[in-house]
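J.: I have a structure here, written as structure tokens, and I will follow up with some questions on it.
Every read-out reported here was derived from the displayed coordinates using simple, explicitly stated rules and does not represent laboratory data. All figures in this text were calculated on a predicted structure; none of them were measured in a lab. Cβ: placed from backbone, ideal geometry, glycine included. Neighbour counts: every protein chain shown.
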Amino acid sequence: MKRQKLFFAVSSVALACAMMLSSCGGGNNSSSSSGNSENSSSSEGSDWISSDWTEIPENTNENLKYFGYFHSDGFGSLQSSYIDEIAGLGNANMAMVNSAFNVAEAVKDLTEVREAGMQAILTVHGLTRGGSTGKLDSAHLQDNYQEIWTEYQAEIQSFIDDGTIYAFYFDEPRWNGIGTEDFRTLTKYLRDTVPTVGVMACMTAMDIGIGNYGGVGECDDNYLEYCTDVMFDSYDDWNDETRRDYLDKLKAKAANDQWIWGCPKGFEAEPEVKGIQTMVDHIKGQYTEAIQDERYAGIISFSYANGTQEGDWGFGLCDFFDDQNDYYSKELKDLYTQIGCAVMGKEVPATSDLDFVVKEATATYSIGDSIALPEATATDGEGQTYTPVPAVKAPDGSDVTITDGAFKAELSGNYTVTYTVTIDDSSVKKSVEIYVKGDLELGTFDHAASINDVTGSADDIWCWPREVDLSFGRSGGSLKVTPHATDGNWPNVYFKYRGQDTVDMTKYGGISMWLYNPSDEAISGFGIKVNNGAQVNEWTKAFELPSKTWTEFRVTTAEIQAAKPALDLTKMQIAMTNTGEYTNRTAFYIDDVYLLEQTEEPATDETGLTFESPSQFASVLQDESSKWCWPAAISNEKAHSGEYSLKVTPHATDGTWSIIRFKIGEGDTFDMTDYEKVSLWVYNPSDTVINNFGLKAKDAAGKFAEKTENIAPGEWVEIVVTKDALLKEGVDITALTLEFGNFDSGYVNRTYFYVDDVKLS
């Protein structure tokens, strides 16, 4: 069977002819009608070769032409795109773009794919709402999904037209709650709207009839009808015979002769214990199976990016392919190179045995600094050396001029330095990131090099060892401080500014830092300490650090001057400290240490909460159960007015009905006699609507009035309860309590959200 022009029976839309990668459009291997018997080979009864080979077998399946990786565009807050890096391997022509959650990210990633000469499988986001894993029909089409798609398509149309986009992708749609009717409606709509691009879905093992975890059961055989390409994920130990049975189960669900894709395991959660053998078995087994079944079109390994930051799958192939990483495996990398090239029908590139090293940045920098390029070397297997050619991208994506092996930092953020080595007709690239701090930044700890932004005496560091923890933080990483078991009662963590131990605070309005206490009890006496260097003439503002929540510590320059007039504000050393003996002995985390601009402190509204002052957090009232399920903290990430709001982060599974009470005024209750309404604003940062969030005012007898709203993505929404509504319900308006939460149904979205401007007016 050769790739040919195929027709989809239901839509009667002729799809694009199969072409070579250099000229093909997306969807070129789209499914045939179910009547095309030529496209319906079976693994049953076949004389299959074993995957237990030492020399790679020839790719005899002329339909098997595509090879690539999940999460080519990175994953999590600390991983940027790997597309250039993957292109440099020379073994991939397909990039899975999984993590582009908005159109701007998608355009950026698709541009990289196009420039790398590859095609993309693009995950589709934002067309459904709700959804809980393992709960069927918990996700539904957005009411305006067609309008959403029309706007989205307009932005990516050029990538459709030139064939960069091979297929639109749905990851485990049924497991994530999309029922049969909605999925068929959505996939048919995409097929009809963009007939030159395929539609791909990855199913779970349960969907195709392997196991029945959580009572989900297998899908109907018409669930995938409008898909052109399908795969399934199962990462248990590879067995040729068992996998052929699994393949037949998948084909039974892909009854319209859709193209089949392999999804081998390319990750390991415990590499120190389990090594690489399962990954080796998977890629060998998947390739061996694919070359023997004519319905196979490609192999996409899961995953190039790692999932350690989100507590997900563990270490991805980016670590196992990196010869500077502790988990580097030449065996695994060479195997992937050989198999990827065999699938693509090309020779193994001359760069495959290159010892190519680019040193990581060991420091952070500030705006205005001249930054020397990191050292890079390249030597092939015969000892011949090559000169890597550098290029630098600024945080905004613009090209940066290199002069005498250095560049000047004009912007804050991540600069990407990419080195390229070319041998014959093949090139390989390696990139490193160099972080440049903003003018107000003391430390965000999102990079390993950020450890150089903190200092202290030898005793400080010995008693209170610190490390950058890239897996935990407010956004990205944080500084983890772990006390000695017995020694050192007073932690001191000092912060540098532009490489100096002191800063001129006359130029700034104050200091802000965030701390997290992971223990079960509050920690007293933690605070911001300032002095004139070497603990001379010092002053501390102490705070209580609550349990298991991020808490902001903030002190103004005016406060410092008033409390300690003898301090020389032009020579201020800044530290986090403890004012008494530290008996808790738990580790704690520091993040987002900033200087404040010279602005007046926002005035406190006596009739409400603006969250501009840390003291207002005391007016957020929750019982112990609510605090555990719905931890809250004042945040500067979003604000309806001013700079701060209340950020509420739900537990991953527990706490279905979020309830937060607010204290307005001095007492436990407030009097609405002189006001017409009570209101607040809430912001939903997710891609889906949050349903039935509401505001409730009630009296001591339990009588109440409430107002609920559906919170659209990316918008501040006001929720109002009027005095008239309260009086209509017979509520005693002289002694009210105020609650915000989800009153009508379970909170299925589970995203964090922001609350601001709780006011009587």
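J.: Loop only per DSSP, at most 12 neighbouring Cβ atoms within 10 Å: give me the trypsin sites (Lys or Arg not before Pro) in region 306-402, ordered by residue number.
T.: Filter output for region 306-402: Lys359.
J.: Tell me what the chain gives for mean residue ellipticity at 222 nm when only DSSP H runs of n ≥ 4 count, each as -39,500 (n - 2.57), the sum divided by the residue total, rounded to 500 deg cm²/dmol.
T.: Per the formula, -5000 deg cm²/dmol.
J.: Further question: Within 10 Å of each residue's Cβ, count the other Cβ atoms and sort Ile299, Ile156, Ile49 from fewest upward.
T.: Ranking Ile299, Ile156, Ile49 by Cβ neighbours within 10 Å, fewest first, gives Ile49, Ile156, Ile299.
J.: While we're here: Work out how much length Ala558 to Asp424 would gain on full extension: take 0.36 nm times their residue separation and subtract the Cα-Cα distance, in nm to one decimal.
T.: Length gained between Ala558 and Asp424: 41.8 nm.
J.: Something else now. Give me the net charge for the shell around Tyr594: Cβ to Cβ below 14 angstrom, other residues only, Lys and Arg +1, Asp and Glu -1.
T.: Every neighbour counted, the sum reads -4.
J.: Give me Asp724, Asp756, Asp281 ranked fewest to most by other Cβ atoms within 10 Å of their Cβ, as a rough exposure proxy.
T.: Final ranking by Cβ density, sparse to dense: Asp724, Asp281, Asp756.
J.: If amide H atoms are built 1.01 Å from N in the plane of the peptide, which residues on other chains or at least 5 residues away come under 5 Å of the amide H of Lys677?
T.: Lys723, Ser761
J.: Starting from the Cα of Val717, move 7 Å in the Cα-to-Cβ direction to define the label point; list residues of region 659-700 whose amide nitrogen is under 11 Å from there.
T.: Inside the label zone: 682-685, 688-695.
J.: Starting from 0.36 nm per residue, how many nanometres of slack lie between Asn239 and Asp520 once their C-alpha separation is accounted for?
T.: 96.6 nm
J.: Which one of Phe159, Ala252, Val682 is farthest out on the positive end of the charge dipole of the chain, using unit charges on Cβ (Lys, Arg +1; Asp, Glu -1) and the Cα centre as origin?
T.: Value: Val682.
J.: Quick check: pseudo-label points 7 Å beyond the Cα along Cα→Cβ at Tyr675 and Trp53, how many nm apart are they?
T.: In this crude label model, Tyr675 to Trp53 measures out at 7.4 nm.
J.: Give, rounded to the nearest 20 debye, the magnitude of the charge dipole that region 320-376 has about its Cα centre when Lys and Arg contribute +1 at Cβ and Asp and Glu contribute -1 at Cβ.
T.: 200 debye
J.: Using 0.36 nm per residue of separation minus the Cα-Cα distance, give me the extension gain between Thr586 and Lys548 in nm, one decimal.
T.: Roughly 12.5 nm would be gained on extension.
J.: Further, regarding this structure: In sequence order, what are the phi-derived ³J(HN,Hα) couplings for region 319-331 according to the Karplus relation 6.51 cos²θ - 1.76 cosθ + 1.60 with θ = phi - 60°, rounded to whole Hz, with x for glycine and proline?
T.: 7, 6, 8, 8, 5, 9, 9, 4, 9, 4, 9, 5, 4
J.: Let's see if you can work this out: charge +1 on each Lys and Arg Cβ, -1 on each Asp and Glu Cβ, no other charges. What is the dipole magnitude of region 354-438 about its Cα centre, in debye to the nearest 20?
T.: 340 debye
J.: Measuring from label point to label point, each 7 Å out along Cα→Cβ, what is the Ala154 to Lys135 span in nm?
T.: A separation of 3.5 nm, rounded to one decimal place.
J.: Using Cα-Cα distances under 8 Å and only pairs 6 or more residues apart, what relative contact order does region 354-438 have, in percent?
T.: Computed over region 354-438, the figure is 34 percent.
J.: If you fit an axis through the alpha-carbon atoms of helix 145-161 and take the longest principal axis of the Cα set of the chain, what angle between them do you get, 0 to 90°, nearest 10?
T.: 60 degrees
J.: Mind checking which lysines have their C-alpha under 22 Å from Lys541, skipping anything on the same chain fewer than 8 residues away?
T.: Of all the lysines, those that pass the test against Lys541 - Cα under 22 Å, at least 8 places apart if same chain - are Lys480, Lys496, Lys507, Lys529, Lys564, Lys571.
J.: Take the Cα pairs of region 354-438, get the Kirkwood Rh, then feed it into Stokes-Einstein at 20 °C and 1.002 mPa s and tell me D in µm²/s.
T.: Approximately 159 µm²/s, per Stokes-Einstein.
J.: If R0 is 41 Å, what FRET efficiency do you get for Ser641 and Ala485 from their C-beta distance, rounded to 0.05?
T.: With R0 = 41 Å, the Cβ-Cβ based efficiency is 0.30.
J.: Here's something else I'd like to know. Given 5 Å bins starting at zero, what is the percent of C-alpha pairs of region 441-596 in each, up to the one with the largest pair distance?
T.: 2, 10, 20, 24, 22, 15, 6, 1, 0
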